[in-house]
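K.L.:
Take a look at the following structure, please.
The values are calculated or read from the model by the stated rules, or taken from the named source; none is laboratory data. Every value quoted in this text rests on a predicted model; they were computed, and no experiment measured them. Virtual Cβ from ideal backbone geometry, glycine too; neighbours counted across all protein chains shown.
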């Protein structure tokens, strides 16, 4: 049979169509050589551990063979990967080598949380999966840039749609409910003693702003665990520490219009500058360049903290989703054209509950973000939720207990040295109603990494990291 | 006599000339309403204390009456001054109120050193001194912006004229002499074990760069006290910490040209990026906007450290002077048009030696910068040197000692609680030759501020701050 038979059978338009497909595939290949993956999370969600494990799995996935759901590995097309030089001169490096050493050292420790923005580049070598791609090249390389940034920065987006008056009212309104009322007391007392219509001076501005910043920090301590905190840069100021652009706070508006040069007017000006030069700058310089986004959430911590903190995390997640719902406000499309096409929500630290609770972790996270997702506001964005453990610290053990078969968790709680067997309780599959919160219903613990005893030959044991990787990279490695 | 007589007597050209003078004066007045005063110094030169005292004298100069050389005060034309809101949204505030509280509190302490850039604005109200100015306005306001930045940033200017190869050779050459040789040992040993022509990876780059950065930090510890340290941003990285643009170090060049992507080539690229995006950015965004510059130097510290450290400070001062000698290289004029017209060198902590040593402090500082000044490289820049005490901590006491009248210094040494009477020795009036340095010839101490006992009614006692202020601002308040 002539090798040209199939071609000969095609009409001219068919030939053109086939050529177009081939060209599309070439374009596809050429376009897919680079991907920017953004990772964020609400504070202490395990972002550094997640990225460290993600890189570790990509670097050692082939040898350890523990990525069954990662198709390029399952299909034996994965040739290897390595870290590369960073492409952006002015973005701090994500220090993978330091973090993996602390995780896999003699006394394994979770890496210290990162602050602000950081970045790392990986190159993944693979054999293309499709016939045409293989004809073009026997091997291909995907350059993967992983960008780590604080979730608080995404919570600033709603500010762009608000005036200083509207934002002040919303924030002061939040403070009328506990636990914020108590935490805001000192700051609000200071505000009561100043007349916001008098001429502004830097000392008053700074006093008010410092007390407000302290309130924000107190809101996100381990004890309180609130998530919906604005403006995000107040918590991570970097080089802008003590600059006027971070020296303001919400103020109750008076009936009269504030005089020029008054405390109120100057704070309003600084709020507007913050929107323009901090919030928009982040969206323009960074967010607009991300291809895919991962948002990490520590649901157990939010459950531990009770209904106030849990509801706050839900608000924060929905606030974050605003950055992806560009059908809704058109705010982002007005600023630039975002190009994120996949969004992954991750419930972290899944190993801190028994394996039979993992489906509920995913269901609960789904419920928390269900409204914006079901509103079909994600125009062309594919969304997935997964319960993951970046670094497995425990084992699930099933035992009889008063005639019931219960799933226990075995591991070393954080800050302790002895292994314990715990029944950490059940994850609700829907958002608990207010009456469902009993005193201390939830009391999930954090655990220490225990790699030495994991028996997996120095590699970092995980749960469902391969599913996350497949969702995020699978199509780019086809 | 007709009031018009003088006018009538003038010729037409005389009238025109008088009108022109009046117009010039109006322009002069209008132009001089704002001035940006930059303050820098080599590390631990007392920059924060100097600026705090400068502001304090301007805010309280009238009431305390201790500014005899400040002409606007001496002529009773000083109406008062106050701190204003900061003009630049993104530059951190110089926290005067915090610093003055620590200086004038129950237990006076020198303020903690500032890091990076900061700024504060003052408004000075005064009566114009000249007849014509007074006709135009009975009172006038001078807005004074004081900008505080690290002296190390000025030491980066010479990099602009150097290739990576030249800079590496110079720096490695510096390291062939003590005390640098010993401090650089660990870093240089690491360099010996890497082949700079092999393919660069981020870990090697970081290791080499971190050891080099540690070497720079060790060079400027209190014990070593070196000043000529490049690149300046390695010591104060801010938001660029761990970014590739600060991840390089000097490398010995090999005979062959370095391969593309090699350690050598990547470090060279980063050095070039540093020049472009860090050094030039500082000159463009900040330096080009300064009107006048103060450079603070702690000569006693340099003398204490011996000839190596003293010579190093002299090199650093001459390096700094490059930023003002734009007749020489034309480098700065190529970048932009600097407008600094006055440059003040200050020998700080003059009160730490006896009053009869102050003239020598000024002479010695003069000698250290004499070459570039005498070379007449300051095109249109007026230069002055002064020995100053921002905050007087001691008294000079003359006592007989073995038949000689000696000047002692009475005060509480830093870190102690009891007052002592010391003979701190003499300041040489010229740069000592190598043979003049005897073991422990110089042993000057730092002293604690003692405002409670100064008896000057809560104001900060100083030495010659008024002469500094008159030199820097006098003509702007005429």
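K.L.:
How many residues does the range B:167-187 hold that are in a helix (DSSP H, G or I), touching a residue at least 12 places away in the same chain (Cβ under 8 Å) and more than 19 Å from residue B:271 (Cα to Cα)?
P.N.:
Counting residues in the range B:167-187 that are in a helix (DSSP H, G or I), touching a residue at least 12 places away in the same chain (Cβ under 8 Å) and more than 19 Å from residue B:271 (Cα to Cα) gives 4.
K.L.:
Somewhere in the range A:316-324, is a residue in contact (Cβ under 8 Å) with a residue 12 or more places away in the chain and over 30 Å from residue A:178 (Cβ atoms)?
P.N.:
The answer is yes, given that some residue of the range A:316-324 is in contact (Cβ under 8 Å) with a residue 12 or more places away in the chain and over 30 Å from residue A:178 (Cβ atoms).
K.L.:
Quick check: is even one residue across the range A:226-234 in a helix (DSSP H, G or I) and within 11 Å of chain B (Cβ to nearest Cβ)? Outline the logic, then answer.
P.N.:
First pass over the range A:226-234, keeping only residues in a helix (DSSP H, G or I): A:232-234.
Now narrow it down to the ones that are within 11 Å of chain B (Cβ to nearest Cβ): none.
Within the range A:226-234, not a single residue is in a helix (DSSP H, G or I) and within 11 Å of chain B (Cβ to nearest Cβ).
K.L.:
State all residues of the range B:255-268 that are facing chain A (nearest Cβ under 10 Å) and surrounded by fewer than 18 Cβ atoms within 10 Å (Cβ to Cβ); if no residue qualifies, say none.
P.N.:
Residue satisfying the conditions is B:261 alone.
K.L.:
If you don't mind, another one. Can you confirm whether the range A:188-196 contains a residue that is within 14 Å of another protein chain (Cβ to nearest Cβ), free of Cβ contacts under 8 Å to residues at least 40 places away in the same chain and not in a helix (DSSP H, G or I)? Steps first, please.
P.N.:
Step one: of the range A:188-196, the residues within 14 Å of another protein chain (Cβ to nearest Cβ) are none.
For the range A:188-196, residues within 14 Å of another protein chain (Cβ to nearest Cβ), free of Cβ contacts under 8 Å to residues at least 40 places away in the same chain and not in a helix (DSSP H, G or I): absent.
K.L.:
Answer yes or no as to whether residue B:197 is closer than 24 Å to residue B:273 by Cβ and assigned by TED's automatic domain parsing to the domain that holds residue B:274. Outline the logic, then answer.
P.N.:
Values: closer than 24 Å to residue B:273 by Cβ: yes; assigned by TED's automatic domain parsing to the domain that holds residue B:274: yes.
In short, yes.
K.L.:
So, in the range A:235-249, how many residues would count as being closer than 30 Å to residue A:444 by Cβ and within 11 Å of chain B (Cβ to nearest Cβ)?
P.N.:
The qualifying residues number 1.
K.L.:
Also: Residue check: is residue B:376 buried (at least 21 other Cβ atoms within 10 Å of the Cβ) and either within 18 Å of the chain's Cα centre (by Cα) or modelled with pLDDT under 90 (or both)? Working first, answer last.
P.N.:
Working: buried (at least 21 other Cβ atoms within 10 Å of the Cβ): no; either within 18 Å of the chain's Cα centre (by Cα) or modelled with pLDDT under 90 (or both): yes.
Judged against the criteria, residue B:376 is not a match.
K.L.:
Go through the residues of the range A:282-301 one by one and say whether even a single one is in contact (Cβ under 8 Å) with a residue 12 or more places away in the chain and more than 24 Å from the chain's Cα centre (by Cα).
P.N.:
Of the residues in the range A:282-301, the ones in contact (Cβ under 8 Å) with a residue 12 or more places away in the chain are A:282-284, A:286-301.
Those still in the list that are more than 24 Å from the chain's Cα centre (by Cα) too: none.
For the range A:282-301, residues in contact (Cβ under 8 Å) with a residue 12 or more places away in the chain and more than 24 Å from the chain's Cα centre (by Cα): absent.
K.L.:
Moving on. Report whether or not residue B:176 is closer than 30 Å to residue B:302 by Cβ and either modelled with pLDDT of 95 or more or within 14 Å of another protein chain (Cβ to nearest Cβ) (or both). Show your work before the answer.
P.N.:
Working: closer than 30 Å to residue B:302 by Cβ: yes; either modelled with pLDDT of 95 or more or within 14 Å of another protein chain (Cβ to nearest Cβ) (or both): no.
No, not satisfied.
K.L.:
Oh, and also: Among the residues of the range A:239-249 satisfying the criterion of being in contact with a strand residue (DSSP E or B) (Cβ under 9 Å, 6 or more places away or on another chain) and over 17 Å from residue A:190 (Cβ atoms), which is surrounded by the most Cβ atoms within 10 Å (Cβ to Cβ)? Explain how you work it out, then say what you get.
P.N.:
Residues of the range A:239-249 that are in contact with a strand residue (DSSP E or B) (Cβ under 9 Å, 6 or more places away or on another chain), as a first pass: A:242-244, A:247.
Among the residues that remain, those that are also over 17 Å from residue A:190 (Cβ atoms) are: A:242-244.
Numbers: A:242: 19, A:243: 22, A:244: 26.
Looking at residues that are in contact with a strand residue (DSSP E or B) (Cβ under 9 Å, 6 or more places away or on another chain) and over 17 Å from residue A:190 (Cβ atoms), I get A:244.
K.L.:
Collect the residues in the range B:449-465 that are modelled with pLDDT of 90 or more and surrounded by fewer than 21 Cβ atoms within 10 Å (Cβ to Cβ), keeping them in residue-number order.
P.N.:
Of everything in the range B:449-465, those that are modelled with pLDDT of 90 or more and surrounded by fewer than 21 Cβ atoms within 10 Å (Cβ to Cβ) turn out to be B:463, B:464.
K.L.:
Say we look at the range A:202-212 and pick out the residues that are out of contact with any strand residue (DSSP E or B) (no Cβ under 8 Å at 6 or more places or on another chain) and either buried (at least 20 other Cβ atoms within 10 Å of the Cβ) or closer than 19 Å to residue A:44 by Cα (or both); which of these is nearest to the other protein chains (Cβ to nearest Cβ)?
P.N.:
Only one residue fits best here, namely A:205.
K.L.:
Given the residues B:252, B:302, which is the only one that is within 22 Å of residue B:184 (Cβ to Cβ), away from chain A (no Cβ under 14 Å) and at pLDDT 90 or above? Spell out how you get there, then give the answer.
P.N.:
Details: B:302 fails: at pLDDT 90 or above.
Selected residue: B:252, the only one of B:252, B:302 that is within 22 Å of residue B:184 (Cβ to Cβ), away from chain A (no Cβ under 14 Å) and at pLDDT 90 or above.
K.L.:
Also: Give the residue, chosen from B:264, B:283, that is farther than 20 Å from residue B:115 by Cα and assigned to a helix (DSSP H, G or I).
P.N.:
After ruling out the rest, the residue left standing is B:264.
K.L.:
Can you spot a residue in the range A:288-299 that is more than 10 Å from every other protein chain (Cβ to nearest Cβ), in a helix (DSSP H, G or I) and surrounded by 23 or more Cβ atoms within 10 Å (Cβ to Cβ)? Spell out how you get there, then give the answer.
P.N.:
Start the filter on the range A:288-299 by keeping residues that are more than 10 Å from every other protein chain (Cβ to nearest Cβ), which leaves A:288-299.
Those still in the list that are in a helix (DSSP H, G or I) too: A:288-289, A:299.
Subset that is surrounded by 23 or more Cβ atoms within 10 Å (Cβ to Cβ): A:299.
Yes, the range A:288-299 contains a residue that is more than 10 Å from every other protein chain (Cβ to nearest Cβ), in a helix (DSSP H, G or I) and surrounded by 23 or more Cβ atoms within 10 Å (Cβ to Cβ).
K.L.:
Follow-up question, since we're still on this one. Considering only the range B:122-154, how many residues are in contact with a strand residue (DSSP E or B) (Cβ under 7 Å, 6 or more places away or on another chain), away from chain A (no Cβ under 14 Å) and buried (at least 20 other Cβ atoms within 10 Å of the Cβ)?
P.N.:
Residues flagged as in contact with a strand residue (DSSP E or B) (Cβ under 7 Å, 6 or more places away or on another chain), away from chain A (no Cβ under 14 Å) and buried (at least 20 other Cβ atoms within 10 Å of the Cβ) within the range B:122-154 amount to 7.
K.L.:
Looking at the range B:380-446, what strands (runs of 3 or more DSSP E) fall wholly within it and have at least 2 residues that are outside the structural domain of residue B:356 (by TED's automatic domain parsing) and either free of Cβ contacts under 8 Å to residues at least 24 places away in the same chain or surrounded by 11 or more Cβ atoms within 10 Å (Cβ to Cβ) (or both)? Talk me through it step by step, then tell me what you get.
P.N.:
Details: elements: B:382-387, B:395-401, B:404-411, B:420-422.
Here the list reads B:395-401, B:404-411, B:420-422.
K.L.:
Okay, next question. If residue B:29 satisfies all but one of (1) assigned to a helix (DSSP H, G or I); (2) touching a strand residue (DSSP E or B) at 6+ places or on another chain (Cβ under 9 Å); (3) modelled with pLDDT of 85 or more, what's the number of the condition it fails?
P.N.:
The failed condition is (3).
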